[in-house]
Amino acid sequence: MDPPYESVLQDRGSNNFFSPVTAVSKEFEIEVAEPVKQGEGVAAYVSYKVRTKTTHVKYHEPFHEVTRRFRDFAWLHDKLVEKNKGHIVPPLPEKSAVQKYQMATDFIEQRRRALQVFVNRVASHPVLKDSSELETFLQANEEHWMLEIAKWQAETSAQHRPVSAAAQWFKNLQHSAQSLVSGRADEMQEDAEYIKIRDYINSLEGHLTEAHRQAGRLLRKEADLGAALTEFASAAELLGKQDNEGPMRVAFGCLCTRANEVAALSRARSEAIAVEFAAPLKEFARTIKSVQVAMADRASALSAYSQAKSDLDSKKVRLAKLRGTPGLKEDKIAETERDVNEADQRLRNAKLGYETIRDTMREELNRFQKERAAEMSAVLRDFALAQARNTAEQAKGWGELLRDLQQAAVGGS
């Protein structure tokens, strides 16, 4: 089972990171720490220390520390997606050109936390934790790592070489035509239960995105309340000073003190909502996109299987026609037979590819549904408890103001 969200977040500066309490699995404990801005302007980036404690048999040393940047986490993510079709690869935080340029402290901290969640999710995945990509990411030295990045960038550049407008238009047209012809046929071959899950996942994305948006509104309102109370406290203090030594000065002084205390609670609660509620919701929404990537791999594999089957059928028909044609040279028939055999092998490969992804996804979706349901329930429970506790603390603060005012009234009489 994946670790609960809070277990993959460790406090900055904590000396207890490697304690059993924060363990995300029996084999890995990973911390992303010490973000440092490197460079200026559009070329600026943030480097992080990635510290690993592991008992995994593939790792020769129990402790590792490497320096990585966002691009390096992207390497790990993309390699895992490429080599693990049908698996739900944990998502990376989104890129933001504007935020990157500004490099605000809050943005850097939010990204650090999100990257820590990402790498710990990978390390707790039953398959991905054993990958050579994770091993390389966590322990490769600088020289080895830069070679890996250079190779990856060259491969990525080659895959995205520009094509002519006419060629791209024809490719898009061909893809659209194939989708119209084969899309519904592919759909009919899919398992009905899987289609229900797929539709549920697609609708869930929108609901999670909206829930995250509303959580953002909630934390902003809490922050605004804290700011308003702070300003109110200042106004009350100034108002009380108009009464040099009278009871009003004492009363407004009490109001200023308690309002500042409640304002501090609101500010702290806003920060807590961002980390403990809004961030998990955002990660849940990102994870849905990762599920959709796996589903797209399955759809592509099924489409390739259907296309291979159609191709084999057409070649068999052509072979039958050639065999029925009098006087045709044997070498022509032999060539078509080779084409049929090659098409048959492609069909076998395509079928195996689809069935492998299908079986993988069956396990992945079961794991995803169970673990995310339990995790989301825990997040909601903790949110409700924290809200109740915060409300009680604020009520206590206003209650103490009443006591202060009563004492001030008694003292002034």
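The values are calculated or read from the model by the stated rules, or taken from the named source; none is laboratory data. Remember, predicted model here, so these are calculated numbers, not experimental data. Counting neighbours? That spans all protein chains shown, and the Cβs are built from the backbone with ideal geometry, glycine included. Calculation scope for accessible area: heavy atoms of the full protein, side chains included, ligands and nucleic acids excluded. Shrake-Rupley method; radii C 1.70, N 1.55, O 1.52, S 1.80 Å.
Going through (1) under 30 Å from residue 77 (Cα atoms); (2) among the aliphatic types (A, V, I, L, M); (3) at pLDDT 95 or above one by one, residue 285 falls short only on (3).
From the residues in the range 30-54 that are aliphatic (A, V, I, L, M) and crowded, with 22+ Cβ neighbours inside 10 Å, which one is nearest to residue 120 (Cα to Cα)? Among those that are aliphatic (A, V, I, L, M) and crowded, with 22+ Cβ neighbours inside 10 Å, it is 30.
Does the range 274-294 include one or more residues that are over 16 Å from the mean Cα position of the chain (by Cα) and buried (at least 21 other Cβ atoms within 10 Å of the Cβ)? No, the conditions are met nowhere in the range 274-294. Annotation: of all residues in the range 304-325 being open to solvent by less than 60 Å² (accessible area, probe 1.4 Å) and at pLDDT 90 or above, the one that is nearest to residue 335 (Cα to Cα) is 315.
Looking for whichever is within 22 Å of residue 397 (Cβ to Cβ), of a type in the set (D, E, K, R) and more than 38 Å from the chain's Cα centre (by Cα) here; the options are 269, 258, 318, 323. Which one fits?
On inspection, the qualifying residue turns out to be 258.
Only one of the listed residues (246, 226, 240) is modelled with pLDDT under 90 and crowded, with 19+ Cβ neighbours inside 10 Å. That residue is 240.
Each residue in the range 212-222 was checked for being open to solvent by 40 Å² or more (accessible area, probe 1.4 Å) and in contact (Cβ under 8 Å) with a residue 24 or more places away in the chain, and 3 pass. Of the residues 337, 355, 371, the single one that is surrounded by fewer than 19 Cβ atoms within 10 Å (Cβ to Cβ) and touching a residue at least 24 places away in the same chain (Cβ under 8 Å) is 371. Selection of helices (runs of 4 or more DSSP H) fully inside the range 74-171 by the criterion of at least 2 residues being under 13 Å from the mean Cα position of the chain (by Cα), of a type outside the set (D, E, K, R) and modelled with pLDDT of 85 or more returns 105-124. Among the residues of the range 375-413, those identified as surrounded by fewer than 16 Cβ atoms within 10 Å (Cβ to Cβ) and β-branched (Val, Ile, Thr) are 391, 410.
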